[in-house]
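Participant: Structure below; questions to follow.
The values are calculated or read from the model by the stated rules, or taken from the named source; none is laboratory data. Owing to the predicted nature of the structure, the values given are computational and were not obtained by experimental measurement. Cβ coordinates were reconstructed from backbone atoms using ideal geometry, including for glycine residues, and neighbour counts include every protein chain displayed. Areas reflect the complete protein model, heavy atoms only, side chains present, ligands, DNA and RNA absent. Shrake-Rupley method; radii C 1.70, N 1.55, O 1.52, S 1.80 Å.
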Amino acid sequence: MQFKLEQKVQVAVTYDLAGSVAEILSARGWHKPMVLCSGFQLKQEPIAKMVDSLTDCTVFDDLVSDPPAHFINHVAELFTENGCDCLIAIGGGSAIDTARGVNIVRTLGGKIEDYVSKKEVSTYCHGLIAVPTTSGTGSELSNALVVSDDETHAKLAVLSNNAVSEYALLCPPLAASLPAQMTAACGMDAFAHAAEAYTSEISSPVTDCICEKVMYLLAKYLPQAVANGYDLEARERVMIAACLAGWMLNNAGTHLGHSQAHILGAKFRIPHGSACAYALPGTMLYTAETNVKKVKEIGLILGAEFPADPTDLEVGRITADRIRYFRDTVLGLKPWSEYGISKEQVLDCAAEVAKERFAGNYPQPVTEELCRRMLEQWG
């Protein structure tokens, strides 16, 4: 029997980060964590208080976005050299993905690039406490970590239920100062996770219910978080939604929207959440050809109105337009044209998108022509 729902990570919402971390360390008998974060985060009151409370730790505060393989391997060497016994990863998807990569290498040896295709993550990698400061990637619950190829800069995925965090601490005040544009982009990433998992070939009735709730929470609370970052109720709900959306990656996957985001994001240096947001309308437009009921439900969650007995194409177009309205007018995400790329450059990526790893989850056969039609709708 193939089960459709699994969750290994222990999750808590906390407004006392230092106390929650101390409780976990005491319970597990861990004594010397490596704290991974960015330097500016050490000035945030909850993080500063948490670090000050640790009697013995190694702080690595020089993280990079889209971590390349050699960087993850380097940090894993530092972990071992400093005699650390667990990791506390604080930040967005890049920080938590770095920590999960380090946790694999320090547990199983080798190099992180070995686990992209050659090696299996054969045993559960204990010892990672994930503390997200953004609400988008869901990396704290996701089983997919993304590493950049050292030479081509292509985004490569390591997929394993043994590579998830052991604990996830959701601390809403850590996201309060996140700028509006970043809040919108990260939230659209989470929405894309849920929408694509909802319409994925490997979705199930169980995952569908969770995806519907995630999209509802984001439709309701993400605009509030964008408008006022210090609305902690909105921040908490968006953070929970993003966390659950990350969980859905493990159980239902994403598909061609993320394939577009991975290829174009890496090639044109577009932030991942924004790339997902630009890809989502076209993806849902053509997904309506095979999954019209679910695409219509996505439109309804966002407040779309449909005529009586609409065609599949009408459902796809109305939902796509509603996604654009939510993204551009309600959230105010900046347009893709500001990245200085042309539609011709976008269309030239069709063949690469069709071959991208997550394209196989799409609910109909994927061709270069289908991907080209989606990319015509990019933005």
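Participant: Where the second residue is open to solvent by 80 Å² or more (accessible area, probe 1.4 Å) and part of a helix (DSSP H, G or I) and the first is within 17 Å of Ile240 (Cα to Cα) and lies in region 8-26, which pairs have Cβ atoms under 8 Å and are six or more apart or on separate chains?
Facilitator: What qualifies is Leu17/Lys49.
Participant: Any idea which of (1) under 25 Å from Cys171 (Cβ atoms); (2) open to solvent by less than 10 Å² (accessible area, probe 1.4 Å); (3) at pLDDT below 95; (4) in contact with a helix residue (DSSP H, G or I) (Cβ under 6 Å, 6 or more places away or on another chain) is the one Pro271 doesn't satisfy?
Facilitator: Here Pro271 meets the rest and fails (2).
Participant: If you check every pair at least six apart or on different chains, which have Cβ atoms under 6 Å apart with a residue in region 355-371 that is at pLDDT below 95 first and a residue that is among the β-branched types (Val, Ile, Thr) and open to solvent by less than 30 Å² (accessible area, probe 1.4 Å) second?
Facilitator: From region 355-371, the pairs are Phe358/Thr254.
Participant: Does region 163-176 include one or more residues that are at pLDDT below 95 and open to solvent by 30 Å² or more (accessible area, probe 1.4 Å)?
Facilitator: No, because not a single residue in region 163-176 is at pLDDT below 95 and open to solvent by 30 Å² or more (accessible area, probe 1.4 Å).
Participant: Here is a check on your reading of the model: is Thr80 closer than 27 Å to Val146 by Cβ, modelled with pLDDT of 95 or more and loosely packed, with under 15 Cβ neighbours inside 10 Å?
Facilitator: Numbers: closer than 27 Å to Val146 by Cβ: yes; modelled with pLDDT of 95 or more: yes; loosely packed, with under 15 Cβ neighbours inside 10 Å: yes.
Against the criterion (closer than 27 Å to Val146 by Cβ, modelled with pLDDT of 95 or more and loosely packed, with under 15 Cβ neighbours inside 10 Å), Thr80 qualifies.
Participant: Let me ask something else about it. Given the condition closer than 18 Å to His258 by Cα, in contact (Cβ under 8 Å) with a residue 12 or more places away in the chain and among the aliphatic types (A, V, I, L, M), answer yes or no: does some residue in region 120-137 qualify?
Facilitator: No, because not a single residue in region 120-137 is closer than 18 Å to His258 by Cα, in contact (Cβ under 8 Å) with a residue 12 or more places away in the chain and among the aliphatic types (A, V, I, L, M).
Participant: Quick check: is even one residue across region 330-340 at pLDDT 95 or above and acidic (Asp, Glu)?
Facilitator: Within region 330-340, none of the residues are at pLDDT 95 or above and acidic (Asp, Glu).
Participant: So, Lys49, is that one over 22 Å from Ala163 (Cα atoms) and at pLDDT 95 or above or not? Outline the logic, then answer.
Facilitator: On the way: over 22 Å from Ala163 (Cα atoms): yes; at pLDDT 95 or above: yes.
So Lys49 fits the description; yes.
Participant: Quick one: in region 114-134, which of the residues that are open to solvent by 10 Å² or more (accessible area, probe 1.4 Å) and of a type in the set (Gly, Ala, Ser) is modelled with the lowest pLDDT?
Facilitator: Ser117
Participant: To continue, here is another question. Can you tell me which residue is farthest from Leu25 (Cα to Cα) among those in region 58-77 that are open to solvent by less than 40 Å² (accessible area, probe 1.4 Å) and outside any strand (DSSP E or B)? It would help to see each step written out before you state the result.
Facilitator: Filtering region 58-77 down to residues open to solvent by less than 40 Å² (accessible area, probe 1.4 Å) leaves 58, 60, 63, 67-69, 71-73, 75-76.
Still in the running and outside any strand (DSSP E or B): 63, 67, 69, 71-73, 75-76.
Working: Leu63: 23, Pro67: 27, Ala69: 29, Phe71: 26, Ile72: 24, Asn73: 25, Val75: 21, Ala76: 20 Å.
Taking the candidates together, the pick is Ala69.
Participant: Report, by residue number, each residue of region 195-231 that is surrounded by fewer than 22 Cβ atoms within 10 Å (Cβ to Cβ), in contact with a helix residue (DSSP H, G or I) (Cβ under 6 Å, 6 or more places away or on another chain) and farther than 28 Å from Tyr362 by Cα.
Facilitator: Answer for region 195-231, where residues must be surrounded by fewer than 22 Cβ atoms within 10 Å (Cβ to Cβ), in contact with a helix residue (DSSP H, G or I) (Cβ under 6 Å, 6 or more places away or on another chain) and farther than 28 Å from Tyr362 by Cα: Pro223, Gln224, Asp231.
Per-residue answers, yes or no, for (1) open to solvent by less than 10 Å² (accessible area, probe 1.4 Å); (2) modelled with pLDDT of 95 or more; (3) more than 19 Å from Cys371 (Cβ to Cβ):
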site: Cys276; (1), (2), (3): yes, yes, no
site: Leu285; (1), (2), (3): no, yes, no
site: Glu297; (1), (2), (3): no, yes, yes
site: Phe306; (1), (2), (3): no, yes, yes
site: Asp328; (1), (2), (3): no, yes, yes
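Participant: With respect to the numbered conditions (1) among the small types (Gly, Ala, Ser); (2) within 30 Å of Ala225 (Cβ to Cβ); (3) surrounded by fewer than 17 Cβ atoms within 10 Å (Cβ to Cβ), which one is the sole condition not fulfilled by Gly92?
Facilitator: Of the numbered conditions (1) among the small types (Gly, Ala, Ser); (2) within 30 Å of Ala225 (Cβ to Cβ); (3) surrounded by fewer than 17 Cβ atoms within 10 Å (Cβ to Cβ), the odd one out for Gly92 is (3).
Participant: Would you pick out the residues in region 267-276 that are in a helix (DSSP H, G or I) and either of a type outside the set (D, E, K, R) or free of Cβ contacts under 8 Å to residues at least 60 places away in the same chain (or both)?
Facilitator: Residues satisfying the conditions are Phe268, His272, Gly273, Ser274, Ala275, Cys276.
Participant: Does Arg237 meet the test of being open to solvent by 10 Å² or more (accessible area, probe 1.4 Å) and farther than 17 Å from Ser139 by Cα?
Facilitator: Values: open to solvent by 10 Å² or more (accessible area, probe 1.4 Å): yes; farther than 17 Å from Ser139 by Cα: no.
Answer is no for this residue.
Participant: Any idea which of (1) touching a residue at least 40 places away in the same chain (Cβ under 8 Å); (2) touching a Cys at 6+ places or on another chain (Cβ under 8 Å) is the one Ile298 doesn't satisfy?
Facilitator: (2)
Participant: Also, quick follow-up: Residue by residue through region 8-56, note down the ones that are assigned to a loop (DSSP other than H, G, I, E, B), in contact with a helix residue (DSSP H, G or I) (Cβ under 7 Å, 6 or more places away or on another chain) and open to solvent by 30 Å² or more (accessible area, probe 1.4 Å). Quick ask: steps written out before the conclusion?
Facilitator: Here is the first cut: in region 8-56, the ones assigned to a loop (DSSP other than H, G, I, E, B) are 8-9, 14-16, 29-32, 37, 44, 54-56.
Next, only the ones that are in contact with a helix residue (DSSP H, G or I) (Cβ under 7 Å, 6 or more places away or on another chain) stay: 8, 14-15, 37, 44.
Once the filter is applied, which keeps residues that are assigned to a loop (DSSP other than H, G, I, E, B), in contact with a helix residue (DSSP H, G or I) (Cβ under 7 Å, 6 or more places away or on another chain) and open to solvent by 30 Å² or more (accessible area, probe 1.4 Å), region 8-56 yields Lys8, Tyr15, Gln44.
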